[in-house]
Amino acid sequence: MLQPSPAFMITARPRAIARWLFAVAGLIVTMVIVGGITRLTNSGLSITEWKPITGIVPPLTDAQWQAEFANYKRIPEYWTFNRDMTLAGFKAIFFWEYLHRVLGRVIGMAFALPLIWFWARKAIPAGYKPRLVALLALGGLQGAIGWWMVASGLVERTDVSHIRLTVHLLTALFILAGIVWTALDLAALHRNRLAAPARLTALGAGALVLLFVQLMFGALTAGLDAGYAFSSWPLMGDAWFPAGTPMMTPAIANAFDNPVVVQFIHRWFAFAAAAMLVLMAARAIRAGALRAGWLVIVLVVVQIGLGIATLLSGVQIDIAVAHQANAALLLIAATAAAHRLGSHPDALKVL
């Protein structure tokens, strides 16, 4: 009797899983964009309760809207800045925070449900289940971090903690990079059933670490509203660093809590991160990853241009949101280039 070959007994579907993960990555980029709009429109504190299940249903009646507005009126932000806000104005800021939270739930379902399906179908290749479960767990943690961030602005502050906002954004971007890296590993496995997962090279790690440091200072800049401190380039006012800037003690606190210092670091550390990213991109291009390498270079140039434009425009919302969106795209491209450098030659394909 004829026996099926091992090839026909394989149920793993690495390409299908890779495509699913790329789709989730696209949702996360959308989430980052909406999060930026939420921050820039000062909408983040409009929903003062965390209801992971029932919160999916927005206010539907006038009484429900009045109740939500009454909750908002209890927090310091309302009494300090928005005492003349109308219900219509409240609905406008509520929209962005609600959309941000709904997207979080959509991403969670878009990750969890297909994961369960692939698992039940025995379609997940060997060795990838722990990584996918870890990414799912990080997604759940991200939801909790989001509420931890919002809660910081409900009692004593008139905005959320910039430190918590930074943790929230960096966690989202770390998940994004992890999903893209895993999808690229699975795409390589589809091309070659013997392909091993890519390793992170020293150059790739260095470039990604510097990019994350720059992203951290970008988040701190947003959280401190430090982008409004000086709207000139390349000088800050009439000096490279404004004289008479009040400094904090200990000195290290200035790098995280002083808006002027944070903007200064974010301005100039960008070029160190850019140099390392371009070096990595050049190596990736020589290794055959033409699209990923050149995309990194183009996005680095665009990102610096958008950063300068954000300052010169006085943090105009559309430009600032484009700056944040491009940062997420740059991270994806940098992850692809770093993955290419760490891939086994037999698994490679021009990215």
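The values are calculated or read from the model by the stated rules, or taken from the named source; none is laboratory data. Quick caveat: nothing in here was measured; it's all calculated off a predicted structure. Here the Cβ is made from the backbone with ideal geometry for all residues, glycine too, and neighbour counts use every protein chain on show. SASA here: full protein model, heavy atoms, side chains in, ligands and nucleic acids out. Shrake-Rupley method; radii C 1.70, N 1.55, O 1.52, S 1.80 Å.
Annotations
- Extension gain, residue 278 to residue 252, is 6.4 nm, computed as 0.36 nm per intervening residue step minus the present C-alpha separation.
- Over all Cα atoms in segment 270-346, the spread is summed up by Rg and Dmax: 13.7, 50 Å.
- Mean Cβ count within 10 Å, highest first, over the residues of peptides 172-180, 14-22: 172-180, 14-22
- Lysine-lysine proximity count for the chain, Cα under 28 Å, sequence distance 8 or more or distinct chains: 5
- Largest-first ordering by accessible area, 1.4 Å probe, given options 53, 107: 53, 107
- Taking each residue as 0.36 nm, the span from residue 174 to residue 329 lengthens on full extension beyond its C-alpha to C-alpha distance by 54.5 nm.
- Positive dipole terminus of the chain, leading residue within 192, 33, 221 (C-beta point charges): 192
- Debye, to nearest 20: dipole size of the chain, +1 on Lys, Arg Cβ, -1 on Asp, Glu Cβ: 1660 debye
- Residues in segment 20-35 that a label on residue 134 would reach, taking backbone N under 16 Å of a point 7 Å out along Cα→Cβ: none
- Loop sites in segment 215-248: chymotrypsin sites (Phe, Trp or Tyr not before Pro), DSSP, at most 12 other Cβ within 10 Å: 240
- Between residue 79 and residue 271, the simple spin-label model (points 7 angstrom out along Cα→Cβ) gives 4.7 nm.
- Angle in degrees between helix 87-120 and the longest Cα principal axis of the chain, rounded to the nearest 10: 20 degrees
- Helix 202-223 axis, angle to the chain major axis (alpha carbon atoms, nearest 10°): 20 degrees
- Shape call, segment 234-281: gyration tensor on alpha carbons, a/c limit 1.5: oblate
- Helix axis angle, 259-286 relative to the chain longest principal axis, alpha carbon, degrees: 20 degrees
- Three-way shape call for the chain based on the alpha-carbon gyration tensor, with the a/c threshold at 1.5: oblate
- Coupling constants for segment 243-249 follow from the phi torsions by the Karplus curve (6.51 cos²θ - 1.76 cosθ + 1.60, θ = phi - 60°), and in residue order they are 5, x, 5, x, 10, 9, 10 Hz; glycine and proline get x.
- Note on residue 16 and residue 308: their simple-model spin labels are 4.9 nm apart, each label 7 Å out from Cα toward Cβ.
- For segment 124-279: rounded, prolate or oblate by the Cα gyration tensor [a/c cutoff 1.5]: oblate
- Extension gain, residue 225 back to residue 199 (0.36 nm per residue minus Cα-Cα distance, nm): 5.6 nm
- Taking every DSSP helix (H) stretch of at least 4 residues in the chain, weighting each as -39,500 (n - 2.57) and dividing the sum by the residue count yields a mean residue ellipticity at 222 nm of -23000 deg cm²/dmol.
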